[in-house]
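Single-structure report; data block below.
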Amino acid sequence: MAPPRSKQTSRNSTTIVIVVAAVLLVVLAVVWGLALGGSSKGAPTAKVKTKAVTVGLVTMSGQRTQVAVSGKPVTVVEFFAIWCPYCAYDAKWVMPDFASRVEKAGGRFFAVDASQQLGQAVPGPLGHPEQGIEGSHLQPPAGQEESMSLKAMAHYKATFHLPFPLYYDEGLTYATSVGLQGYPSFLFYNSKGKAVAGIEGWQTEAQLWQAYQQAAKK
């Protein structure tokens, strides 16, 4: 008959099991994060393999149109939500100057309202986006999503004096096709219409310009 195992051996075995379980949990967490396409602030997103010459959007006057994402050295698209305080922060403190810089460099910039919820957010003071106030997440009545969103976009554009085009993503078709994960998000297309980089979360102008320069090399 085999001799009984000592208490020390049992404790060692228990410790090994706990360590192995912890390692497995860490590995599963990493794999799960990659599967979700998550990204940290300023890091490229996982889903940027989209290629297109134009994308179908709705203008602020309600017209369906095809908007080019090719033919320029870089085309930058911002996905925003009216209710998002970080989007409002970028709109007030970052986007006007960055968009102007893109245009001067020969690029193209436009923004897309990629949420069907309304209620305009209030941006935080310069340097403190976390102090912004989130909008009400108002859900428009069925059949009025587009008309109410276009009115909200017009107010958003006027509030922040945005000099670049804003479009409405009908049915969130465009946002879904690129795997949008959150607001604000940015896609960078090269001259051939290939999305070569993506960033999630509010950004400084310096961070966005660095991403623009990197995209111009791809």
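Taken together, the values in this text are just the output of simple stated rules run on the coordinates, not laboratory data. All values derive from a computational prediction rather than experimental measurement. When we count neighbours, we look across all protein chains shown, and the Cβ atoms used for this are built from the backbone with ideal geometry, even at glycine.
Using the Cβ of Gln120 as centre and a radius below 12 Å, the other residues enclosed give a net charge of +1, where K and R count +1 and D and E count -1. Tell me, what does the Kirkwood hydrodynamic radius of region 54-216 come to in angstroms if you use every pair of distinct C-alpha atoms? Taking the inverse mean of 1/r over all distinct Cα pairs, region 54-216 comes out at 15.7 Å. Around the Cα centre of region 54-216, unit charges on the Cβ atoms of Lys, Arg, Asp and Glu (plus for the first two, minus for the last two) sum to a dipole of about 540 debye.
When +1 charges are put on Lys and Arg Cβ atoms and -1 charges on Asp and Glu Cβ atoms, the dipole computed for region 78-117 relative to its Cα centre reaches about 120 debye. Extension gain for His128-Ala206 works out to 26.5 nm (0.36 nm per residue, less the C-alpha to C-alpha distance). For region 56-140, the orientation-averaged shadow of the C-alpha convex hull comes to 6.3 nm² (one quarter of the hull surface). The value of relative contact order for region 61-117, using C-alpha pairs under 8 Å at least six residues apart, is 50 percent. Considering only Pro96, Gln131, Ser70, and ranking their Cα positions along the charge dipole of region 54-216 that arises from unit charges at the beta-carbon of Lys, Arg, Asp and Glu, the one farthest toward the positive end is Ser70.
Measuring between alpha carbons in the structure, the pairs from Lys104/Lys192; Lys104/Lys217; Lys72/Lys157; Lys92/Lys151; Lys104/Lys151 lying more than 28 angstrom apart are Lys104/Lys151. Region 72-101 and region 159-218 have Cα centres spaced 8 Å apart.
Given R₀ = 35 Å, FRET efficiency for Lys217-Gln66 by Cβ-Cβ distance, to 0.05? Could you put the intermediate results ahead of the total?
Working: r = 27 Å, r/R0 = 0.78.
Taking R0 as 35 Å, the efficiency between Lys217 and Gln66 is 0.80.
When each of the peptides 137-145, 79-87 is scored by the mean number of other C-beta atoms lying within 10 Å of its residues, the order from highest to lowest reads 79-87, 137-145.
Summed over all non-identical Cα pairs, the Kirkwood treatment of region 150-218 gives a radius of 13.8 Å.
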